[in-house]
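This report concerns only the one structure given below.
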Amino acid sequence: AAKAAGRRTSRFFEPAMEAEVRARRVLETDLRQAITDGGFEVYYQPCLSLQDNSITGCEALLRWRHPQRGMISPADFIPIAEETGLINQLGEWVLTTACREAATWPDHVKLAVNVSPVQFKSGTLALKVITALAASGLAASRLELEITEAVLIRDDDAALAILHQLRDIGVRIALDDFGTGYSSLSYLQRFPFDKIKIDRCFVTDLASPEGSSSIVQAVVNIAADRRMTTTAEGVETEQQRELLRALGCSEMQGYLFSPPKPAADIRPLLTTHRQDPLAARPARKRKP
Ligand code: C2E
Ligand code: MG
Ligand code: MG
Ligand code: MG
């Protein structure tokens, strides 16, 4: 039976794996090409105060416009960029581009940039942040770096040292996708975050009978205790917004107000709809 299974493996699974490896290699080549050709764009998604609906900041989200395959989702190419180390170049480009853009926004609007664990551990992140801030003229206090729990597991002391280095520069640190992966409440105690981003899965599940409102409430309470703010990700309905506000969550992000959009489409929102952007927002589409 083992022999038969072994043969079956080689006949059916190996070719599939080979095809996958080949597809990845092609994507890797295309990625390198896109980095030299400028095939990327940064989109921005506004983040709103749940108290007064004002836009408090925008998150930079990377987009790859592939010449043949069209728009490729970050979920599909960031892992390859991480494995190949290309994320370091790509991440530096996002940081520089987004800081330059944000420097043209009203002063009260912050910028959030996602940082991969690979960049975080590269040893050059702090220097790149300082360089991007200096080149753009953006105040350090207006930049927020989003990191995930993946950077915290294993080498606690090293991660803590980097976080303090970044804080000394004056940038803010947000813990992204909180509640997924290897989440541990002890992280909130050990590491100096300014903000917790509550993952979309808890927001989606908020209104169901056995829903996640008690979890969200607990996270909001812990955050308030430790003087951190909370942002709910993936808010798509008025009901979710109302519940989140009632639970004391500070900010929201999601298709309800706006999907990520090119800089030119976001810029007018930041200056005109300062008072109540939700009241003033255009008719909503289902997908970005
Ligand atoms: P993330 O940082 O957690 O970003 C939030 C994701 O949720 C974005 O997906 C955003 O478009 C999506 N989103 C926002 N509002 C809604 C909503 O109401 N409903 C739904 N269904 N989705 C919503 P996106 O842009 O595809 O990015 C996916 C992930 O890729 C990001 O998750 C982040 O982890 C990573 N990523 C994106 N840009 C960068 C980057 O420049 N550097 C690094 N290292 N990672 C990036
Ligand atoms: Mg993020
Ligand atoms: Mg997130
Ligand atoms: Mg996410």
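Contact map, segment 63-88: residues that are assigned to a helix (DSSP H, G or I) paired with residues that are surrounded by 12 or more Cβ atoms within 10 Å (Cβ to Cβ) and of a type in the set (Lys, Arg), Cβ distance under 8 Å, separation 6+ or inter-chain. Pairs shown: Pro74/Arg63; Ile80/Arg24. The combined condition, being aliphatic (A, V, I, L, M), closer than 21 Å to Ile196 by Cα, touching a residue at least 12 places away in the same chain (Cβ under 8 Å) and within 16 Å of ligand 2 (Cβ to nearest atom), is not fulfilled by Val109.
Conditions tested, residue by residue: (1) away from ligand 4 (no atom under 14 Å from the Cβ); (2) of a type in the set (Val, Ile, Thr); (3) more than 25 Å from Leu48 (Cβ to Cβ); (4) not in a strand (DSSP E or B).
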position: Ala150; (1), (2), (3), (4): no, no, yes, yes
position: Tyr182; (1), (2), (3), (4): yes, no, yes, yes
position: Ser186; (1), (2), (3), (4): yes, no, yes, yes
position: Val203; (1), (2), (3), (4): no, yes, no, yes
position: Asn221; (1), (2), (3), (4): yes, no, no, yes
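Of the residues in segment 146-156, at least one is away from ligand 3 (no atom under 12 Å from the Cβ), under 14 Å from Leu125 (Cα atoms) and modelled with pLDDT under 90. Scanning segment 188-239 for residues that are away from ligand 1 (no atom under 16 Å from the Cβ) and small (Gly, Ala, Ser) yields Ser208, Gly211, Ser213, Ser214, Ala218, Ala223, Ala224. Of the residues making up segment 199-227, just one is in contact with a strand residue (DSSP E or B) (Cβ under 6 Å, 6 or more places away or on another chain) and either within 18 Å of Ser116 (Cα to Cα) or surrounded by fewer than 17 Cβ atoms within 10 Å (Cβ to Cβ) (or both), namely Asp199. Restricting attention to segment 92-118, the residues that are touching a Lys or Arg at 6+ places or on another chain (Cβ under 8 Å) and either crowded, with 20+ Cβ neighbours inside 10 Å or assigned to a strand (DSSP E or B) (or both) total 6.
The values are calculated or read from the model by the stated rules, or taken from the named source; none is laboratory data. Being a predicted model, the structure only gives us computed values, none of them experimental. Virtual Cβ from ideal backbone geometry, glycine too; neighbours counted across all protein chains shown.
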